[in-house]
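Before any comments, here is the structure.
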Amino acid sequence: MQERQLKAVLFDLDGVVFDTEPQYTVFWGEQCRLYHPERPGLEQEIKGSTLTQIYDCWFSGLLQKEQPVITERLNAYEQQMDYDYIEGFIAFVDDLHRHGVKTAVVTSSNLPKMESVYRKQPGFKSLFDAILTSEDFEKSKPDPDCYLKAAQKLGVEPDECVVFEDSVNGLRSGMAAKMKVVGLLTTNAQAIVAPLSDLQVSNYIGMTFDSITQFLHFTSRS
């Protein structure tokens, strides 16, 4: 087997960088009870789906006219959300940078959402070499397009990257890009995440460049 070095780590945003999934569950719970009272618990089913996927599946047809209303509510909700980092994330990113590893965010979130993130977390941009949003790629996860574009932007090969994801679509996207995948157990259970990832973690506490290269069988740098 050809030896590979870890040169880039690519992070999804919600449930991977920020502990925001519980807040989105509250929002979508309200919308689902309003529009789909016949489907209790629907907010749990749509976890990890993009807005387009949610609309196509659950708010099309007669409900299509409600999409702009829901989007307006979502934009307002995201402006007042808390964007708290997953435990250990900052220390992990700092250690990656000390070892010369590039980092990027690859998210289906749009620019208005990211403006809220930048306002709440002024130091966010400094953590990453690149930030790719929904405006930067044509195909949504689980298509690998977004992660392949991120690797290209960072000037690395797919097999030199590790993807951190929490959703089923995101995990499949990382696998389809032929990258190593670490699954965060912030949104789905171990039984769901494990078949779609090379390693599963609850947070970043104790995670380092050395540990991730060892677990995922990358070669150490001299």
note = Counting sequence-distant residues (5 or more places) and residues on other chains, those with an amide H built under 5 Å from that of Ser197 are none
ask   = Rounded, prolate or oblate: which fits segment 150-222 when a ≥ b ≥ c are the square roots of the eigenvalues of the alpha-carbon gyration tensor, with rounded for a/c under 1.5 and prolate only if a/b beats b/c?
value = oblate
inquiry  = Could you tell me how far the Cα centroid of segment 152-222 sits from the Cα centroid of segment 21-65, in Å?
reply    = 28 Å
key: Using a Förster distance of 22 Å, the FRET efficiency for Asp136-Ala176 (Cβ separation, nearest 0.05)   = 0.80
request  = Provide the per residue accessible area, probe 1.4 Å, for the chain, rounded to a whole number of square angstrom.
outcome  = 48 Å²
message = With a 1.4 Å probe and all protein chains left in place, how much of the accessible area of segment 81-194 comes from carbon and sulfur atoms, in whole percent?
response = 49 percent
inquiry  = Using a 7 Å offset from Cα along Cα-Cβ at Asp159, what residues in segment 202-222 end up with backbone N under 14 Å from the label point?
reply    = 217-219
query = Can you pull the accessible area of Ile205 for me, 1.4 Å probe, Å² to the nearest 10?
reply = 110 Å²
ask   = Straight-line reach from Lys141: which aspartates and glutamates have a Cα under 16 Å away, not including same-chain ones fewer than 8 places off?
value = Asp12, Asp14, Asp56, Glu165, Asp166
query = Arranged from highest to lowest average of other beta-carbon atoms within 10 Å per residue, in what order do the peptides 209-219, 3-13, 136-146 appear?
reply = 3-13, 136-146, 209-219
note = Under the Karplus relation with 6.51, -1.76 and 1.60 and θ = phi - 60°, whole-Hz ³J(HN,Hα) for segment 85-90, x at Gly and Pro, equal 5, 4, 3, x, 5, 4
query = Shape call for segment 95-222 from the C-alpha gyration tensor, a ≥ b ≥ c root eigenvalues: rounded (a/c under 1.5), prolate (a/b greater than b/c) or oblate?
reply = rounded
ask   = Where does helix 111-120 land angle-wise versus the long Cα axis of the chain, in degrees 0 to 90, nearest 10?
value = 70 degrees
key: If the convex hull is drawn through the Cα atoms of the chain, its volume per residue in Å³   = 118 Å³
query = So what's the net charge close to Tyr55: Lys and Arg +1, Asp and Glu -1, counting the other residues with Cβ under 15 Å from its Cβ?
reply = -3
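The values are calculated or read from the model by the stated rules, or taken from the named source; none is laboratory data. Please read these numbers as outputs of a predicted model, since none were measured by experiment. As a convention, Cβ positions derive from the backbone with ideal geometry for all residues, glycine included, and neighbour counts pool all protein chains shown. Protein only, heavy atoms only, side chains kept; ligands, DNA and RNA dropped before computing areas. Shrake-Rupley method; radii C 1.70, N 1.55, O 1.52, S 1.80 Å.
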